[in-house]
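The values are calculated or read from the model by the stated rules, or taken from the named source; none is laboratory data. Computed from a predicted model, the values in this text were never measured in an experiment. In case anyone asks, the SASA skips ligands and DNA or RNA and just uses the protein heavy atoms, side chains included. Shrake-Rupley method; radii C 1.70, N 1.55, O 1.52, S 1.80 Å.
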Amino acid sequence: MVDKHNVNMQLHKAEVVEMMKLAMWCLQSDYQRRPSMTVVVQLLEGLVSVQDNLDYNFINAPAIRTKAATGEDMDANIIIHDGTPLFAFDLSVPR
C-alpha cells in the first residue's frame, strides 16, 4: 500500500506503515479490542506500539439499528451481528 513511486512515502515508510496499523487497530470488528484514545495518543507519541494480534477481517456483518424493547429511540442502541445489544453509552466509555 506504500506507493513505490512516491519519494515522500518511501522516505517515511516506517511511519506510514505504523499509521496504517493504527488505522487497522481502530477498525477492529470487536469494539473491545479497539484502542482507547489515550492509547492512540500514546502511540502517536511513541510510548506504545500497535498490538500484534490484529483481526484483518473487516468484512463482518454491519451493526443493525433496531428499536429497543424498552421503547427507546432507534439510535439509542445497536444490535451487533451476534445479537448482543450495545448502547451508545457502552460505545463511548473509556476502555
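Miscellaneous remarks
- Comparison of 70, 66 shows that the only residue that is polar (S, T, N, Q), open to solvent by 60 Å² or more (accessible area, probe 1.4 Å) and modelled with pLDDT under 55 is 70.
- Restricted to the stretch 19-50, and to residues there that are open to solvent by 60 Å² or more (accessible area, probe 1.4 Å), under 12 Å from the mean Cα position of the chain (by Cα) and not basic (Lys, Arg), the residue that is modelled with the lowest pLDDT is 30.
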